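Asker: Below you'll find the structure I mean.
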Amino acid sequence: MSDERDPERSGRERPSTAADRRGRRASKASRAGGTPAKGAPTPSRGSTATREKPSLFARLARFLREVVAELRKVIWPNRSQMVTYTIAVLVFVSFMVALVFLLDSAFAEGVALLFGR
C-alpha cells in the first residue's frame, strides 16, 4: 500500500494501517502481536472441549424439536393461493420451454446454413 497515492492529499502516501487511517497510532500491544489493551483476551477453543457432548439421540431429538418449531412459524398457503401459484409456475415453464425450443431451432438452422447440410 505504500506505493498507492491518495488523490486528495496531493501526492502524499496513504496510511498503511487502519490505525493510521483513523489518525491514531497503533498501540504497543497490537504492534507486538499481543492482545489489545481493551480487555481480557478471547477465550481459546480448547476451553469448550472440556464439556461433554450430548448423545446422538439427544441431538436428534433437539433437531426434530427445532424443525417442528420452525414449521409452526411458516404461513402455509390456502387452496386458492396454491392454484394461483401453480398456474403461474406452469405458464412460466411453458414460456421458457417455447423460448428454448425457438432458440435451439434458430441456432440449428444457422449452423446448417453455415456448414451445409
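Asker: Kindly state, to the nearest 0.05, the FRET efficiency for V83 paired with L103, given R0 = 35 Å and r defined as their beta-carbon distance.
Answerer: Details: r = 31 Å, r/R0 = 0.88.
Efficiency at R0 = 35 Å is approximately 0.70.
Asker: I would also like to ask the following. May I ask you to derive the FRET efficiency for L113 and I75 from their Cβ-Cβ distance with R0 = 35 Å, giving the value to the nearest 0.05?
Answerer: Calculated value: 0.05.
Asker: Along Cα→Cβ, 7 Å out, is where each label goes; now give me the distance between the ones at A61 and T42 in nm to one decimal.
Answerer: Each label point is offset 7 Å from its Cα along the Cβ direction, giving 3.5 nm.
Asker: Calculate the spin-label point distance for K53 paired with L90, positioning each point 7 Å from the Cα along the beta-carbon direction, and give it in nanometres.
Answerer: 4.9
Asker: Can you work out ³J(HN,Hα) from phi for every residue in the range 77-86, in order, using Karplus 6.51 cos²θ - 1.76 cosθ + 1.60 and θ = phi - 60°, giving whole Hz and x for Gly and Pro?
Answerer: x, 8, 5, 5, 5, 5, 5, 4, 5, 5
Asker: Using only Cα atoms, what is the ratio of the radius of gyration of the range 77-117 to 2.2 N^0.38 Å?
Answerer: Working: Rg = 17.5 Å, N = 41, 2.2 N^0.38 = 9.0 Å.
Scaled against compact globular proteins, the figure is 1.94.
Asker: Could you give each residue of the range 89-100 its phi-based ³J(HN,Hα) in whole Hz, using Karplus coefficients 6.51, -1.76, 1.60 with θ = phi - 60°, and x for Gly or Pro?
Answerer: Result, rounded to whole Hz: 5, 5, 5, 5, 5, 4, 4, 5, 4, 5, 5, 5.
Every read-out reported here was derived from the displayed coordinates using simple, explicitly stated rules and does not represent laboratory data. This one's a predicted model, so the numbers in the text were calculated from it and none came from an experiment. Heads up, the Cβs are rebuilt from the backbone with ideal geometry, glycines too, and the neighbour counts pull from every protein chain shown.
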